[in-house]
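Chemist: Shown below is the structure under consideration.
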Amino acid sequence: MVWLIVSILIWGIIHSLLASLKAKELARRWFGVSSTRLYRLLYNAFAVLSFLPILGLAALTRSRTVYVVPFPWSGLMVLGEILAAAGLVICLLQTGVWEFIGLRQLGQGSGKSQLQVNGFYRYIRHPLYATGLAFIWLFPYMTGTLLVVNAALTIYILVGAFFEERKLRREFGQAYIDYAAVTPMLVPFTKWKKTR
């Protein structure tokens with residue numbers, strides 16, 4: 001179990017460092033301006049491929065059952081997972097699947113993106129993170145290994161959201177600050193718009 005925790009921690013640190021603006025700028029200086037067109041695609045490919053061994057390690061790690069949610073509650077949890085997965089797909093379609101993967105940038109370069117404030121983004125600033133968290137925690141069968149993976153991913157997502165916030169404030173300035181002032185980060189309806 002310790003190796004699983006350490007491997008997730010290392011993966012999260014590397015993944016976060018590569019997502020930083022400094023890493024992107026360093027890649028641009030080392031490999032030229034054209035590298036910015038490939039960065040997102042290579043970043044995503046590395047993230048997925050480097051996470052596969054962690055999933056393999058998790059599958060090989062023996063652990064006890066923590067809980068099993070009985071029916072009908074388990075059915076409601078699975079329904080929640082289906083809704084979370086649908087929300088994830090809708091958010092990806094809204095932000096642009098090809099841009100998220102990094103394929104759009106191959107043809108157009110890494111031009112300035114638009115601040116998303118419609119759809120699910122009207123209710124929360126990070127719907128991809130929120131739906132991902134809902135999906136992993138609504139699984140009705142929990143083992144010790146799955147609990148460790150879910151807890152590590154949750155910490156990683158929360159830390160990642162903090163750094164994403166800083167990046168978005170730098171990229172969009174006052175527009176993002178105003179948006180964040182009235183839109184909750186991860187849980188809908190936890191901020192109310194001020195009436196003047």
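The values are calculated or read from the model by the stated rules, or taken from the named source; none is laboratory data. The structure presented is a predicted model; accordingly, all values stated were derived computationally and were not measured. FYI the Cβ positions are ideal-geometry reconstructions off the backbone, even for glycines, and counts take in every protein chain you see.
Chemist: Evaluate the following for L17: is it in contact with a helix residue (DSSP H, G or I) (Cβ under 7 Å, 6 or more places away or on another chain), closer than 27 Å to V117 by Cβ and loosely packed, with under 13 Cβ neighbours inside 10 Å? Full working, then the answer.
Modeler: On the way: in contact with a helix residue (DSSP H, G or I) (Cβ under 7 Å, 6 or more places away or on another chain): yes; closer than 27 Å to V117 by Cβ: no; loosely packed, with under 13 Cβ neighbours inside 10 Å: yes.
Taking the combined requirement at face value, the residue does not satisfy it.
Chemist: Of these, L52, L88, which one is out of contact with any helix residue (DSSP H, G or I) (no Cβ under 9 Å at 6 or more places or on another chain) and at pLDDT 90 or above?
Modeler: L52
Chemist: Collect the residues in the range 138-196 that are of a type in the set (G, A, S) and either without any contact (Cβ under 8 Å) to a residue 40 or more places away in the chain or within 21 Å of I13 (Cβ to Cβ) (or both), keeping them in residue-number order.
Modeler: Within the range 138-196, A151, A152, G160, A161, G173, A181 meet the criteria.
Chemist: Also: Filter the range 131-186 down to the residues that are touching a helix residue (DSSP H, G or I) at 6+ places or on another chain (Cβ under 8 Å) and of a type in the set (G, A, S), then identify the one that is nearest to K22 (Cα to Cα).
Modeler: If we take residues in the range 131-186 being touching a helix residue (DSSP H, G or I) at 6+ places or on another chain (Cβ under 8 Å) and of a type in the set (G, A, S), then G160 is nearest to K22 (Cα to Cα).
Chemist: Would you say Y129 is at pLDDT 90 or above, surrounded by fewer than 16 Cβ atoms within 10 Å (Cβ to Cβ) and among the aromatic types (F, W, Y)? Break it down into steps so the answer makes sense when it comes.
Modeler: Working: at pLDDT 90 or above: yes; surrounded by fewer than 16 Cβ atoms within 10 Å (Cβ to Cβ): no; among the aromatic types (F, W, Y): yes.
No, not satisfied.
Chemist: Looking at Y141, Y156, Y176, can you tell me which residue is surrounded by fewer than 13 Cβ atoms within 10 Å (Cβ to Cβ) and aromatic (F, W, Y)?
Modeler: After applying the criteria, what remains is Y141.
Chemist: Which is more than 30 Å from L55 (Cα to Cα) and not basic (K, R), of A181, A152, A161? I'd like the intermediate steps shown before the answer.
Modeler: Details: A152 fails: more than 30 Å from L55 (Cα to Cα); A161 fails: more than 30 Å from L55 (Cα to Cα).
Result of the check over A181, A152, A161: A181.
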